There are 2 protein chains.
Amino acid sequence: MKTQNRRTFVASAAALGVSAAATAMPIMEKKEKKILVHHALFWLKNPESKEDLAKLLAGLQTLRKIEAIKELHIGVPASTEKRDVVDTSYHASEVMFFDGLEDQKIYQDHAIHQKFIADCSHLWERVIVYDSIDS
Amino acid sequence: MKTQNRRTFVASAAALGVSAAATAMPIMEKKEKKILVHHALFWLKNPESKEDLAKLLAGLQTLRKIEAIKELHIGVPASTEKRDVVDTSYHASEVMFFDGLEDQKIYQDHAIHQKFIADCSHLWERVIVYDSIDS
């Protein structure tokens, strides 16, 4: 009986091992989720107007309320070292993370985003967007 | 004596209040820390070469070992909706977060970053960098 008990214990341990692996899978999947980075850069019509920049930055802040946005950084050019490859000509930047294409589309169509465009698009002369997905 | 005790209690509570505020300060400072977003976009010399893209992406992955990088996303153009403002002409993208200018400089000068440039710069024709800081 003692030997049999030991066998039962080993078999249970193996079963537990399988069970632990199965439990770990969703965590691994979560880690491997591909983030979509949406980066929009804005050039103002009136580059010298601090008021226009403030209006644009305030408009960008309203986007925080959109739940589909996982992370949002609203910024201005940083004073990093000057190099040929660094473009500091833009005036405002928004970097957003989404959990994939669908959430990015929800953001594009969202009423708060549409209101931002209606309220602020007269302020900018040019926008560039780079959408990239984790490789 | 009872009144005096109550006064002592109130005075202690005030002291505790000050102490709690002092303890909370570093957390507030941490929250308000400005993130520097460093975004580099790469255009390959041989846009059709899947091998060159793989080499570049592998080179970018080596940068993960640089401790000064707070967060890193290495990506390729996402298949978001086609719009005039969306530039999908690049081939690889790196988005890094730093805790400010100093950490970005540490990254620029880091041996691993320098090795990446030495090993991979022959692969790309053009690079654009946007450095922005939380406004």
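The values are calculated or read from the model by the stated rules, or taken from the named source; none is laboratory data. All of these numbers come straight from a predicted model, not from anything done at the bench. Positions of Cβ are backbone-derived with ideal geometry, glycine not excepted, and every protein chain shown enters the neighbour counts. Accessible surface is based on the protein model in full, side chains and every heavy atom, while ligands, DNA and RNA are left aside. Shrake-Rupley method; radii C 1.70, N 1.55, O 1.52, S 1.80 Å.
Details
- Residues of segment B:56-84 satisfying the condition of being in contact with a helix residue (DSSP H, G or I) (Cβ under 8 Å, 6 or more places away or on another chain), more than 20 Å from A:Asp103 (Cα to Cα), open to solvent by 50 Å² or more (accessible area, probe 1.4 Å) and not hydroxyl-bearing (Ser, Thr, Tyr): B:Lys65, B:Lys70
- The number of residues in segment A:101-119 being open to solvent by 10 Å² or more (accessible area, probe 1.4 Å) and in contact (Cβ under 8 Å) with a residue 60 or more places away in the chain comes to 3.
- Criterion violated by A:Leu36 - all others in (1) within 22 Å of B:Trp43 (Cα to Cα); (2) surrounded by fewer than 19 Cβ atoms within 10 Å (Cβ to Cβ) satisfied: (2)
- Verdict on B:Tyr90 being open to solvent by less than 80 Å² (accessible area, probe 1.4 Å), over 18 Å from the mean Cα position of the chain (by Cα), among the hydroxyl-bearing types (Ser, Thr, Tyr) and under 26 Å from B:Ile133 (Cβ atoms): yes
- B:Val85 meets the conditions (1) touching a residue at least 60 places away in the same chain (Cβ under 8 Å); (2) hydrophobic (A, V, I, L, M, F, W, C); (3) within 22 Å of A:Arg126 (Cα to Cα) in every case but one. The failed one is (1).
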